[in-house]
């Protein structure tokens, strides 16, 4: 039940997510199994049914009910957790919006996978990106340890009274969910120092279920009512949460000794870099290896891990653009019909608009549906950026202004 | 009306979850609210699961703050027939199978009345709605029987015209742990096409014709409720024509349709007889 000493466990990304929920003293869990998230559900069942974790675990019949149950449990003033992936996230979409609209600090991990048809269960962030406008904070984890750490940070960010919004922590299906790495499981005394206390009997400040203080929530509101203002506040507080995210990352580093940049992005060898590659999830970590190898060959390249997509780190992207002349922005997701076809590159371009910065952004889409992306391939991406920087020459075979790196020829 | 009697029986230590239904409007527009107990409006398909979550949270709070109100709270769903028999049935079935500690109430006015009288799977045969302009072909879905098939601790049918029966059933349901289901027939004047002052009469006729049968299933044990007992004898039942004739929604019902209604009522009672026989054998 309690974790007295720090432990290093050799576990999968999914099991790391389950350990994080246990470390965070989650009170109510609801989940439904879906590949490649299933082992999170299994590990949590082990924890709860063996008495190792004193939580209520509602094993529901669908993902829609997962989020409905957590909305109910969170409104009633408890710390809640779930995990899902791909189709499951899409199926719960109505309640995903409901959770944010109710301003509930629910935390959910996503073992991201491709969207059907055809069936695909491998790494692809289109699932979580499809929920980008729901009012959830969205973060990406690039390592097993980062999954565990991000869940802990998420509760501290989301339960902050200035935020009170839910958060997704997404990581690539199979790449991280089913491979094993050593993960540090932190002891209770350190966790207590870092985590906010569990909600007291009164529950959250803005919403509660209490017969002493009867409250009605969610009834019909006319266009002249405060619906518009409620929506404005979600955006306002989401944008302001960048400060909280930074603060929490700093505090996390102080207590646990692991750094995640400024919380929003993590730079790697960017100080004297001439070109930069921005990635989300596991590919960001792999890109650091590509940077190391290229640096040995004498190339001045740097890598940026985008940790948060919501709120979008506008200032950080502008700062990166000030440092280099060319940025490659890699999407492992699709945003059909958008300016670049990828969500992250479209938003990076948008962030630089009207800033007077003429840094070139090369949108890249890769690894869709779990297609393998090698270090060699990432090194090639860097080289394309360097050619662009030196000669202004764009790669051949661009599709609507975007490099679909690794796409097969389709007749 | 049903809600008033129900809350009288349940008391203020109740958290109510209401999916999209007339109730959302009845309770008043923001920021004016009528109820004096916690009331959560919920997405259409989400009521049973949300109430399960609330119930789980009460349990978590009861273990963290023992001896307080949390162990005595009732998680209540108050849903319409659309939210129960159609879009909400998956979540309802899930909660019933898990035996979630909630009381689920369906107030059945036999169509989507909030959006302007569209057919639901609880709309009876021959009824005209805006989506069955010539009368519905299929029969009403027997949801109480479906829920009872989940082997839950308590299932009951009620009618707003029998408030004492309703009150007693809610009182009983309140004391039971686990999943409880109460299905209330609630005649809807505009939707059914009769004058408001005839609402109680309409509900009484539904029972007196033998169309709506009041019963309880407690831990698998079937019990015919007092108001319906005498209608076990077919000769005591009022002719179903009387019930159908005074509702405008049935004014296109054919002779064949009427025979179908009669057969349907006969079959429903056969099922009741079977249940009672089984019970006798057990005893």
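For the reader, a short list of remarks on this structure follows.
- Mean residue ellipticity (222 nm) of chain A, computed from DSSP H runs ≥ 4 via -39,500 (n - 2.57), nearest 500: -12000 deg cm²/dmol
- Inter-site label distance for residue A:411 and residue B:72 at 7 Å from Cα along Cβ, in nm: 7.7
- Result for chain A in a Gaussian network model with C-alpha springs under 10 Å: among A:38, A:391, A:179, the largest mean-square fluctuation is at A:391.
- Three-way shape label, the range A:103-181, alpha-carbon gyration tensor, a/c 1.5: oblate
- Within the protein assembly as shown, percent of DSSP bridges classed antiparallel, to nearest 5: 25
- Exercise: per-residue mean of other protein chain Cβ atoms within 10 Å, A:53-64: 5
- Summary of the geometry: the range A:162-186 and the range B:51-65, compared by the centres of their Cα atoms, lie 26 Å apart.
- Taking other C-beta atoms within 10 angstrom as a stand-in for reagent exposure, B:108, A:200 fall in the order A:200, B:108, fewest first.
- Rounded to the nearest 10 degrees, the angle from helix B:47-64 to the longest Cα principal axis of chain B is 30 degrees.
- Spin-label proximity, residue A:6 to the range A:135-149 - amide N less than 16 Å from point 7 Å beyond Cα toward beta carbon: A:145-146, A:148-149
- Per-residue mean of foreign Cβ neighbours for B:81-93 is 1 (Cβ atoms of other chains, 10 Å radius).
- Of the beta bridges in the range B:2-282, as assigned by DSSP with both residues counted there, near 25 percent are antiparallel.
- FRET efficiency estimate (nearest 0.05) - Cβ-Cβ, residue B:236 to residue A:161, R0 56 angstrom: 0.30
- Counting other Cβ atoms within 10 Å as a rough exposure proxy, the listed residues B:238, A:103 run B:238, A:103 from fewest neighbours to most.
- Point-to-point label distance, residue A:318-residue B:226, nm (Cα→Cβ direction, 7 Å offset): 7.5
- Subtracting the Cα-Cα distance of residue A:251 and residue A:387 from 0.36 nm times their residue separation leaves 44.9 nm of extension gain.
- Shielding by other protein chains, A:24-36, mean Cβ within 10 Å: 2
- Residue B:266 versus residue B:115: modelled label distance in nm, points set 7 Å from Cα along the beta carbon direction: 3.7
- Listed peptides B:240-248, B:201-209 by packing density, highest first (mean Cβ within 10 Å): B:201-209, B:240-248
- Cα-based helix-to-principal-axis angle, B:163-175 vs chain B, degrees rounded to 10: 40
- For chain A, built as a Gaussian network whose Cα springs stay under 10 Å, the top-fluctuating residue of A:306, A:352, A:165: A:352
- Its DSSP H runs of at least 4 residues, each contributing -39,500 (n - 2.57), put the calculated 222 nm mean residue ellipticity of chain B at -12000 deg cm²/dmol, to the nearest 500.
- Distance histogram for the range B:91-179 (every C-alpha pair counted, 5 angstrom bins, percent rounded to whole numbers): 3, 13, 19, 18, 18, 15, 10, 4, 1
- Between the range B:228-283 and the range B:77-102, the alpha-carbon center distance in angstrom: 26
- The range A:2-60: C-alpha gyration tensor shape, a/c 1.5 cut-off, then a/b vs b/c: oblate
- Once the Cα-Cα distance is subtracted from the 0.36 nm per residue extended length, the residue A:231 to residue A:198 segment shows a gain of 9.2 nm.
- Cβ-Cβ distance of residue A:400 and residue A:357, R₀ of 25 Å, FRET efficiency by 1/(1 + (r/R0)^6): the value works out to about 0.60.
- Using alpha-carbon coordinates, inclination of helix A:13-23 to the longest axis of chain A, degrees: 40
- Residues residue B:248 and residue B:197, FRET efficiency given R0 of 22 Å [Cβ-Cβ distance, rounded to 0.05]: 0.90
- The range A:253-375: C-alpha gyration tensor shape, a/c 1.5 cut-off, then a/b vs b/c: rounded
- A protection proxy built from the mean count of other Cβ atoms within 10 Å ranks the segments B:257-269, A:307-319, most packed first, as A:307-319, B:257-269.
Rule-based calculations on the coordinates, nothing more; no lab input. The structure presented is a predicted model; accordingly, all values stated were derived computationally and were not measured. Virtual Cβ from ideal backbone geometry, glycine too; neighbours counted across all protein chains shown.
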